[in-house]
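Readers should treat all values here as calculations from the given coordinates under stated rules, not as data from a laboratory. This structure is a prediction, so every number in the text was calculated from the model and none was measured. Here the Cβ is made from the backbone with ideal geometry for all residues, glycine too, and neighbour counts use every protein chain on show.
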Amino acid sequence: MTNPTQSKIGKPRVIILGAGPAGLAAAHTLTRSGQAEVTVIERAAQAGGNSASFTIEGVTCDYGSHRFHPAAEPEVLADVKELLGDDLLLRPRHGRIRLGGKWIHFPLKLTDALMRLPKPFALSLIGDMVLKPFRKKPTGAETFSTVLYNGLGPTISNHFYFPYVRKLWGLEPEKLAVTLAERRVGSGSVGKIVMKMLRLMPGLRSETGGRFFYPRKGFGQISAAMQESARSNGAEFLFNTEITKITRDGTRITGVTIRDGDSEKQLTGDLILSTIPLTGLTRLIDQPPAKVVEAARAIRFRGMILLYLVLETDQFTEFDAHYFPEASIPISRMSEPKNYSASSEPKGITVLCAELPCDPGEKWWDMSDEELGREFTGWLGQLNLPVTVPVRRCETRRLSHAYPVYDIEFQSRVDVVDEWLLGLDGLLVFGRQGLFAHDNTHHAFAMAYGAADCIDAKGQVDRDKWRRYREVFATHIVED
Ligand SMILES: Cc1cc2nc3c(=O)[nH]c(=O)nc-3n(C[C@H](O)[C@H](O)[C@H](O)COP(=O)(O)OP(=O)(O)OC[C@H]3O[C@@H](n4cnc5c(N)ncnc54)[C@H](O)[C@@H]3O)c2cc1C
């Protein structure tokens, strides 16, 4: 952008779109260093995006199971530790996955898996390992399906990954791109899965192996602490604020228009950092080229309904999360928020949170909370987890942008939009929604820190440096 409004104290003025982890981390780092004057524009009423927390009947809940992973970049982890102090707990992972009708500890533990896996399933897995060198490779273009099948074999592909991805993305594994396997499936062979299990055994385990960080007051406490840091260092936050237009003059972004009551207000600055979905961003910018509009229209995000079942009991199970790969149960995961921070408060109440991948228009999307609550208790019964305590009620939240959909054509479409956005002066795009990246919260923080590192004292972006950062971001692997 041009600089008609360079701040009175000579710092560049930066406008950040979106107050999720990516936008907050950018505001936090830019104001802490005194590098810029910052205004954050957020459509929602609160900060934190998909990583926020809220309370239901006194129980702190997240938007589905959220853990802060020890794999975070050292700078990011150090910052989060400093911001949260003693409130950042290091907790053992204690989940279960249903495989072949049996509950197995998750993350997988070698002895538990050996003892509990149904015999035919275990034998079939061993068979896959032995026969791997002789397995006929599928012909044709590589997809998520071929890569998984070659690497992990038919048993784990057919019983775990394939039904799970059908549920998560609503697409057949053959319709999903290889990128999904690269980004989401860290262990590409049965051997690697076994090695991962070995590394969790006592004596071989690192201090954080099989553990995760979790804030005492919910995952959203991390975002809240970043927001508070930015606010106390002078950042301005505009919540409940709708962006109506982003103006440009050729390849130069000139300002952001927001709704202000019945009228509109124009904000100008030196640079816009956008962390909102790249599809929405493209719609807001003045007249993108037709091929960009067309590509953006075809890019899809997967939605999700989160069902919160309030039960009148202290605790439903001892587990933090249950994973359901099987096709017959529409939910992909269920968590019990109180178990994440080992909280015993409030007494006599617990909440179960189910993740139901679903897009607007699908049958679940328009169901009432009562109907979804009844479905949820029914699924629990099917899973041999009957609800025998009084159900107080069910509450829901709907996420329109839960997961980027990596279908076969996604990369070419994202490239068209991304290249155009990269060519606009005065604009830098990042974050999970901005880069259509299947990333964790710590990755969103790392992107924000990278972006801040590319901005000079006049608010200009070092584009070469940014391209190098982008190459690093492309190597992020999602932690589950
Ligand atoms: C079910 C689920 C479980 C997850 N579990 C984990 C986990 O265990 N660990 C982990 O590290 N990560 C997890 N994640 C990922 C994590 O939620 C994201 O990585 C993180 O929230 C991304 O931050 P972001 O700021 O890039 O995007 P978001 O959190 O999506 O924030 C984007 C912000 O932009 C705002 N916005 C959008 N459009 C506009 C607009 N037009 N104008 C103004 N504002 C706008 C939104 O309201 C939102 O506040 C999970 C995600 C999901 C869906």
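A protection proxy built from the mean count of other Cβ atoms within 10 Å ranks the segments 36-43, 136-143, most packed first, as 36-43, 136-143.
Rg and Dmax of segment 301-404, based on Cα coordinates, read 13.5, 39 Å. Put in line by how crowded their Cβ is, counting other Cβ atoms within 10 Å and starting with the fewest, L77, L17 read L77, L17.
Phi angles of segment 310-325 translate, via the Karplus equation with coefficients 6.51, -1.76, 1.60 and θ = phi - 60°, into HN-Hα couplings of 8, 10, 8, 7, 5, 8, 8, 9, 7, 8, 6, 9, 10, 10, 10, x Hz per residue; Gly and Pro are given as x. Spin-label model, F54/D262: points 7 Å from Cα along the beta carbon direction are separated by 3.0 nm. Just the Kirkwood number for the chain, please: inverse of mean 1/r across all distinct Cα pairs, in Å, one decimal. Across the chain, the inverse of the average 1/r is 23.8 Å.
For K167, the lysines whose Cα comes closer than 16 Å to its Cα, not counting residues fewer than 8 places off in the same chain, are K175, K363. Based on Cα contacts under 8 Å between residues 6+ apart, the chain shows a relative contact order of 24 percent.
Label-to-label distance, A327 versus K81, with points set 7 angstrom from Cα along the beta-carbon direction: 4.7 nm. Relative to one another, the C-alpha centroids of segment 219-260 and segment 61-135 are positioned 36 Å apart. Distances between placed amide hydrogens fall under 5 Å for A177 paired with F144, D407, I408, all partners being 5 or more residues away or on another chain.
Ranking R183, R393, R32 by Cβ neighbours within 10 Å, fewest first, what do you get?
Ordered from fewest to most neighbouring Cβ atoms within 10 Å, R183, R393, R32 come out as R393, R32, R183.
The modelled label-to-label distance between T388 and K245, using points 7 Å beyond Cα along the C-beta direction, is 6.4 nm. Taken about its Cα centre, the chain carries a charge dipole of roughly 1280 debye when the Cβ of each Lys and Arg holds +1 and the Cβ of each Asp and Glu holds -1. In a reduced charge model with +1 at each Lys and Arg Cβ and -1 at each Asp and Glu Cβ, segment 301-404 shows a dipole moment near 100 debye about its Cα centre.
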